[in-house]
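Participant: Before anything else, here's the structure in question.
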Amino acid sequence: MASAPHRIDENTGRYLPVIYPEERPYWDALRQRKLVLPRCKSCKQAWFPLGPACPNCFEIGFDWSPMTGNGVLHNYVVYHKAWAPWLEKRVPYAVVQVELDEGPRLTTNLLDCAIDQIRIGMRVQAMYEDITNDITLLQFRPAGA
Ligand code: ZN
């Protein structure tokens, strides 16, 4: 099985996302503290990750559309083992799926929330974590935090 290409930040040892050219609008928006996702020109459904066509109606045309960044925590797991050295400072940490109010479910992290305070169905909001000088990650925190 071929493994996905990856890069590691020299300063932190942290894995960095691989940014493909077709995803550039998403990453550029995150840099500006905005969330944009593909939205179908035909049925108006938003989705992510990017694919060749709308998963709802198979239309090819889409626009990068602003999202509110608001949603609910759909499910989560808590990692207690650091699977990479840089994660030793972060365990235990939650990997969550957030269902945006616009519909898409995103796999992300929940920050600014103690592990025992995490609840399925809790309202969450987007936050933005700069991990290098030119890469910002979409993360989430409890709404109103
Ligand atoms: Zn569609």
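Participant: Only Cα pairs under 8 Å and at least 6 apart count here; give the relative contact order of the chain as a rounded whole percent. Working shown, then result.
Facilitator: Values: 268 pairs, mean separation 28.2, N = 145.
In percent, rounded to a whole number, it is 19.
Participant: Another question about this same structure. State the dimensionless ratio Rg/Rh of the chain (Rg: radius of gyration of Cα atoms; Rh: Kirkwood radius).
Facilitator: Details: Rg = 16.0 Å, Rh = 16.4 Å.
Rounded to two decimals, Rg over Rh is 0.97.
Participant: Looking at the stretch 1-110, which chymotrypsin sites (Phe, Trp or Tyr not before Pro) are in a loop (DSSP not H, G, I, E or B) and have at most 10 other Cβ atoms within 10 Å? Intermediate values should be presented prior to the final figure.
Facilitator: Values: sites: Tyr15, Tyr26, Trp27, Trp47, Phe58, Phe62, Trp64, Tyr76, Tyr79, Trp83, Trp86, Tyr93; in loops: Trp47, Phe58, Trp83.
Passing sites in the stretch 1-110 are Trp83.
Participant: Show which aspartates and glutamates lie in cross-link reach of Lys34 when reach means a straight Cα distance below 16 angstrom and same-chain residues fewer than eight apart are skipped.
Facilitator: Result set, ordered by chain and number: Glu23, Asp63, Asp101, Glu102, Glu129, Asp130, Asp134.
Participant: For Trp64 paired with Lys89, estimate the spin-label separation in nm (one decimal), with each label point 7 Å from Cα along the Cα-to-Cβ line.
Facilitator: Label-label distance for Trp64 and Lys89, simple model: 3.0 nm.
Participant: Could you work out [θ]222 nm for the chain from helices alone, using -39500 (n - 2.57) per DSSP H run of at least four and dividing by all its residues? Round to the nearest 500 deg cm²/dmol.
Facilitator: Working: 1 runs with 8 residues, N = 145.
The helix contribution divided over the chain gives -1500 deg cm²/dmol.
Participant: While we're looking at this one, here's another question. For Phe62, enumerate residues with amide H under 5 Å from its amide H, sequence gap 5+ or separate chain, H modeled in the peptide plane.
Facilitator: Residues meeting the amide H criterion: Lys41.
Participant: What is the magnitude of the charge dipole of the chain about its Cα centre, with +1 placed on the Cβ of each Lys and Arg, -1 on the Cβ of each Asp and Glu, and no other charges, expressed in debye to the nearest 20?
Facilitator: The calculated dipole for the chain is roughly 220 debye.
Participant: Sticking with this structure for a sec: Test of the criteria: in the stretch 11-116, which GluC sites (Glu not before Pro) are in a DSSP loop and have at most 14 other Cβ atoms within 10 angstrom of their Cβ? Can you show the working numbers first?
Facilitator: Values: sites: Glu22, Glu23, Glu59, Glu88, Glu99, Glu102; in loops: Glu59, Glu102.
Listed in order of number, the matching sites are Glu59.
Participant: Further, regarding this structure: How much length would be gained if the chain were fully extended between Arg105 and Ala53, taking 0.36 nm per residue of separation minus their Cα-Cα distance, in nm to one decimal?
Facilitator: 17.0 nm
Participant: A follow-up question, please. Cα gyration tensor of the stretch 92-142, axes a ≥ b ≥ c as square roots of the eigenvalues: rounded (a/c below 1.5), prolate (a/b > b/c) or oblate? Working shown, then result.
Facilitator: Working: a/c = 2.23, a/b = 1.28, b/c = 1.74.
It comes out oblate by the Cα gyration axes.
Bear in mind that the values in this text are calculations on the coordinates, not laboratory data. Since we're looking at a predicted model, the values are computed, not measured. Don't worry about glycine lacking a Cβ; one is built from the backbone with ideal geometry, like all the others, and counts go over all protein chains shown.
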